[in-house]
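Single-structure report; data block below.
The values are calculated or read from the model by the stated rules, or taken from the named source; none is laboratory data. Just so we're clear, the structure is a prediction, and the values are computed from it rather than from any experiment. Quick reminder, even Gly has a Cβ in these numbers, built from the backbone with ideal geometry, and neighbours come from all protein chains shown. Each accessible area value is taken on the protein alone, full model and side chains, heavy atoms only, with ligands, DNA and RNA left out. Shrake-Rupley method; radii C 1.70, N 1.55, O 1.52, S 1.80 Å.
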Amino acid sequence: MRLSHFRELMEGEFGPVRAASLARDHVFADLGGRTVEQAIEAGLDLRRVWRAVCAAYEVPPARR
């Protein structure tokens, strides 16, 4: 997954403002206690990051 596609998914699901806030502020246990931005910076697979967001926010399977 490319970073641009990941950002599109985030904004499509949460809207641009909430997606940015969530990526910057929410700490995910499934990402080792990192935020989305920290996980991306650390080089975690974007699919793993997206799955963690989807699990935490109960995104329906059809939109995962």
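Overview of results
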{"item": "Inter-site label distance for residue 17 and residue 47 at 7 Å from Cα along Cβ, in nm", "result": "3.4"}
{"item": "Where trypsin sites (Lys or Arg not before Pro) fall in DSSP loop in region 1-44, at most 11 other Cβ within 10 Å", "result": "2"}
{"item": "Where the chain is the region considered: accessible area per residue in Å², 1.4 Å probe", "result": "63"}
{"item": "Whole-Hz couplings from phi, Karplus 6.51/-1.76/1.60, listed for region 32-41; x for Gly and Pro", "result": "x, x, 10, 7, 4, 4, 5, 5, 5, 4"}
{"item": "Within the accessible area of the chain (1.4 Å probe), percent carbon and sulfur", "result": "48"}
{"item": "When the convex hull of its Cα atoms is projected in every direction, mean area for the chain (nm²)", "result": "3.8"}
{"item": "Residues whose placed amide H lies under 5 Å from that of residue 28, excluding near-sequence neighbours", "result": "33, 34, 35"}
{"item": "Förster radius 25 Å - calculated FRET efficiency between residue 56 and residue 8 (Cβ-Cβ, nearest 0.05)", "result": "0.85"}
{"item": "Residue-wise HN-Hα coupling along region 10-26, computed from phi with Karplus coefficients 6.51, -1.76, 1.60 (Hz; x: Gly, Pro)", "result": "4, 5, x, 7, 10, x, x, 6, 5, 4, 5, 5, 4, 5, 8, 10, 7"}
{"item": "Region 12-59: chymotrypsin sites (Phe, Trp or Tyr not before Pro) falling in loop per DSSP and having at most 15 other Cβ within 10 Å", "result": "57"}
